[in-house]
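To start, the structure itself, in structure tokens.
The values are calculated or read from the model by the stated rules, or taken from the named source; none is laboratory data. Source: prediction; values computed, not measured. Positions of Cβ are generated from backbone atoms using ideal geometry, with glycine treated the same way; all protein chains shown enter the neighbour counts.
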Number of protein chains: 2
Amino acid sequence: MHFPENVRIVEVGVRDGLQNEPTPVDTATKLALIRKLSESGLRHIEAASFVSPKWVPQMADHREIMQALAIEGEKSVTTYSALTPNLKGLEAALECGVREVAVFGAASESFSQRNINCSIAESLARFAPVMERALEAGVRVRGYVSCVMGCPYEGEISPLQVAAVARELSDMGCYEVSLGDTIGTGTPLKAKRLLEAVTREVSVERLAAHFHDTYGQALTNLYTVMEEGIAVIDSSVAGLGGCPYAKGASGNVATEDVIYLLEGLGIDSGVNLAQLARTGDWISRQLGRANGSKVGQALMAKY
Amino acid sequence: MHFPENVRIVEVGVRDGLQNEPTPVDTATKLALIRKLSESGLRHIEAASFVSPKWVPQMADHREIMQALAIEGEKSVTTYSALTPNLKGLEAALECGVREVAVFGAASESFSQRNINCSIAESLARFAPVMERALEAGVRVRGYVSCVMGCPYEGEISPLQVAAVARELSDMGCYEVSLGDTIGTGTPLKAKRLLEAVTREVSVERLAAHFHDTYGQALTNLYTVMEEGIAVIDSSVAGLGGCPYAKGASGNVATEDVIYLLEGLGIDSGVNLAQLARTGDWISRQLGRANGSKVGQALMAKY
């Protein structure tokens with residue numbers, strides 16, 4: 001077993017998580033959550049999405065969130081990023097003092113059409129000016145690729161297709177490309193084959209794993225890709241955000257569960273697990289939902 | 001990766017699962033569950049425990065259950081086993097026509113004392129006549145060792161201690177020794193170190209993994225021990241049975257989640273996952289509990 005010594009967690013609970021919760025969460029609660037997450041040692045928090053409140057009412061307060069974080073931005077050790085799907089969103093984000101943004105592509109044509117209403121090629125063309133403007137403003141850009149191990153409409157997705165999209169995002173200037181198993185159908189063998197294909201186009205140091213736990217396989221898949229050198233993992237405190245394609249099922253893998261795995265492997269993430277578990281318990285109570293982290297549940301039962 | 005071609009599942013939901021559910025389940029429902037499990041392709045089902053109903057009211061109907069199963073026993077392709085902690089229990093089980101029994105030891109002194117009220121050595125001495133009588137009656141004996149990767153009272157448990165208990169059970173005549181991560185605190189590295197120590201005393205073909213999912217790590221731990229040759233896995237349909245040491249937390253790993261992992265690795269178990277998921281959903285509804293299998297939840301949301 002050859003694992004990385006350190007893993008960087010990109011906490012996506014506030015954005016990818018709360019965006020998929022049925023009820024919008026108020027801005028003060030979001031900011032309190034973000035601060036608690038940062039205090040637990042998380043150094044990269046995706047905090048908002050600059051999309052139309054018509055489409056995503058859960059993210060309507062993107063300006064208030066990013067402005068509040070920008071004020072403490074200079075002295076903060078934590079990077080707060082925001083999703084900016086188009087130039088309009090990016091300009092608004094820049095006005096709020098954002099230092100890092102993300103763009104979101106898909107490896108599945110059907111998913112791209114249904115999710116962002118254009119082909120993969122069109123979406124990449126749309127990102128080009130976003131990327132250019134961001135880099136010009138000195139803002140880093142992270143790229144997402146969704147459906148990397150399966151699509152809710154097409155089923156299997158070719159690793160070569162994922163590799164091609166990852167390569168395009170990287171060539172456009174994304175400093176990191178996050179590979180999203182959007183529907184959680186990944187398995188260890190699929191994950192290995194995926195990385196084999198993608199690392200031929202983008203070096204493993206510039207890749208992240210964003211695996212959903214819909215079928216309970218996320219940790220095992222993360223284990224196998226860490227064996228191949230992946231050292232950046234996207235996860236969501238308390239497993240916030242259900243799976244939008246299967247009612248009642250889980251979405252994002254819980255950060256607490258990932259940290260427990262990392263600790264067991266002797267991998268440092270800088271996160272205080274006990275503190276994080278308390279934060280996960282707190283936000284679950286705030287939302288009146290069950291804690292989606294098994295580690296969180298087990299630890300809180302002991303405290 | 002070197003995985004076994006086939007894995008045998010020992011379904012423990014009816015015994016280890018229902019024993020830890022707060023409310024006793026009626027005999028007819030148990031028998032219906034057992035039949036559905038067998039129809040889904042499970043070939044080894046632990047169905048009852050011959051213990052005093054004073055201590056374990058959930059298992060009070062052990063005679064009715066095992067007698068009913070013995071009637072179809074001759075023509076059944078499924079093995080139905082029962083826990084028999086002492087000679088009295090074994091004699092009762094034999095009267096019911098049981099063909100396989102199991103004894104239950106611990107790798108932790110404190111756990112043995114608090115759980116079965118005697119030292120490890122005393123428990124093993126108590127098993128000797130049980131084992132002798134069972135083998136004489138032509139009945140196979142399976143051995144369990146609990147707390148193999150941690151104890152709720154002692155914390156860490158030495159792999160050498162586990163190996164010693166496994167060796168004693170094997171020497172006494174157990175055809176298989178199941179290693180129980182009772183509190184689910186195992187990690188991949190612990191699991192590897194455990195197997196390294198135990199396989200020096202008992203060959204890997206005679207070992208099974210019985211991992212709890214309290215911290216969400218069970219599948220990853222199973223993945224790592226299968227890499228080391230483990231080909232028998234204990235699991236519980238719908239994750240029946242919470243963790244008795246942490247309210248609200250999970251106990252047994254869900255059989256559906258294990259089968260999904262196996263299918264992804266190309267490992268055959270003979271189980272029809274769709275049929276099993278329906279059974280898991282059915283029993284969860286019967287018990288008025290949430291389905292503890294992520295795969296079960298995801299599949300049922302699609303059906």
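Can you tell me which residue is nearest to A:LEU262 (Cα to Cα) among those in the range A:11-32 that are crowded, with 24+ Cβ neighbours inside 10 Å and β-branched (Val, Ile, Thr)?
A:VAL12
Based on what the data block shows, is B:ALA60 at pLDDT 95 or above and either closer than 29 Å to B:SER123 by Cβ or crowded, with 20+ Cβ neighbours inside 10 Å (or both)?
Spelling it out, it is not the case that B:ALA60 is at pLDDT 95 or above and either closer than 29 Å to B:SER123 by Cβ or crowded, with 20+ Cβ neighbours inside 10 Å (or both).
When you go through (1) over 24 Å from B:PHE211 (Cβ atoms); (2) surrounded by 19 or more Cβ atoms within 10 Å (Cβ to Cβ); (3) at pLDDT 95 or above; (4) in contact with a helix residue (DSSP H, G or I) (Cβ under 7 Å, 6 or more places away or on another chain) one by one for B:GLY89, which number turns out not to apply?
Of everything listed in (1) over 24 Å from B:PHE211 (Cβ atoms); (2) surrounded by 19 or more Cβ atoms within 10 Å (Cβ to Cβ); (3) at pLDDT 95 or above; (4) in contact with a helix residue (DSSP H, G or I) (Cβ under 7 Å, 6 or more places away or on another chain), B:GLY89 misses just condition (4).
Are any residues in the range B:37-85 closer than 27 Å to B:VAL7 by Cβ, in a loop (DSSP other than H, G, I, E, B) and of a type in the set (S, T, N, Q), and if so, which ones?
Residues satisfying the conditions are B:SER40, B:SER76, B:THR78, B:THR84.
One residue is enough: does the range B:225-240 have a residue meeting the conditions away from chain A (no Cβ under 11 Å) and within 19 Å of A:ALA290 (Cα to Cα)?
yes
Which residues, taken from the range B:256-286, are away from every other protein chain (no Cβ under 11 Å), among the aliphatic types (A, V, I, L, M) and surrounded by fewer than 19 Cβ atoms within 10 Å (Cβ to Cβ)?
B:ALA274 - this is the single residue of the range B:256-286 that is away from every other protein chain (no Cβ under 11 Å), among the aliphatic types (A, V, I, L, M) and surrounded by fewer than 19 Cβ atoms within 10 Å (Cβ to Cβ).
Can you name the number of the only condition in (1) more than 8 Å from every other protein chain (Cβ to nearest Cβ); (2) farther than 18 Å from A:THR185 by Cα that B:TYR215 fails?
Every listed condition holds for B:TYR215 apart from (1).
Of (1) more than 14 Å from chain A (Cβ to nearest Cβ); (2) in a loop (DSSP other than H, G, I, E, B); (3) surrounded by fewer than 21 Cβ atoms within 10 Å (Cβ to Cβ), B:TYR153 satisfies all except one. Which?
Checking B:TYR153 against (1) more than 14 Å from chain A (Cβ to nearest Cβ); (2) in a loop (DSSP other than H, G, I, E, B); (3) surrounded by fewer than 21 Cβ atoms within 10 Å (Cβ to Cβ), the one that fails is (1).
Testing A:ILE34 on (1) farther than 19 Å from A:LEU276 by Cβ; (2) assigned to a helix (DSSP H, G or I); (3) not basic (Lys, Arg), one condition comes back false. Which one is that?
(1)
If the requirement is being surrounded by fewer than 24 Cβ atoms within 10 Å (Cβ to Cβ), of a type in the set (Lys, Arg) and within 12 Å of chain B (Cβ to nearest Cβ), which of these qualifies: A:LYS294, A:LYS302?
Selected residue: A:LYS302, the only one of A:LYS294, A:LYS302 that is surrounded by fewer than 24 Cβ atoms within 10 Å (Cβ to Cβ), of a type in the set (Lys, Arg) and within 12 Å of chain B (Cβ to nearest Cβ).
Determine, yes or no, whether A:VAL225 is touching a Gly at 6+ places or on another chain (Cβ under 9 Å), of a type in the set (A, V, I, L, M), in contact (Cβ under 8 Å) with a residue 24 or more places away in the chain and farther than 30 Å from A:PRO22 by Cα.
On the way: touching a Gly at 6+ places or on another chain (Cβ under 9 Å): no; of a type in the set (A, V, I, L, M): yes; in contact (Cβ under 8 Å) with a residue 24 or more places away in the chain: yes; farther than 30 Å from A:PRO22 by Cα: yes.
No.
Does the range A:184-211 hold any residues that are facing chain B (nearest Cβ under 10 Å) and either over 18 Å from A:LEU265 (Cα atoms) or within 17 Å of the chain's Cα centre (by Cα) (or both), and which are they?
If the condition is that a residue be facing chain B (nearest Cβ under 10 Å) and either over 18 Å from A:LEU265 (Cα atoms) or within 17 Å of the chain's Cα centre (by Cα) (or both), then A:GLY184, A:THR185, A:GLY186, A:THR187, A:LEU189, A:LYS190, A:ALA191, A:LYS192 are the ones that fit.
Per-residue answers, yes or no, for (1) crowded, with 20+ Cβ neighbours inside 10 Å; (2) closer than 30 Å to A:SER40 by Cα; (3) not aliphatic (A, V, I, L, M):
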{"position": "A:ALA93", "(1), (2), (3)": "yes, yes, no"}
{"position": "A:SER112", "(1), (2), (3)": "yes, no, yes"}
{"position": "A:VAL130", "(1), (2), (3)": "yes, no, no"}
{"position": "A:ARG142", "(1), (2), (3)": "yes, yes, yes"}
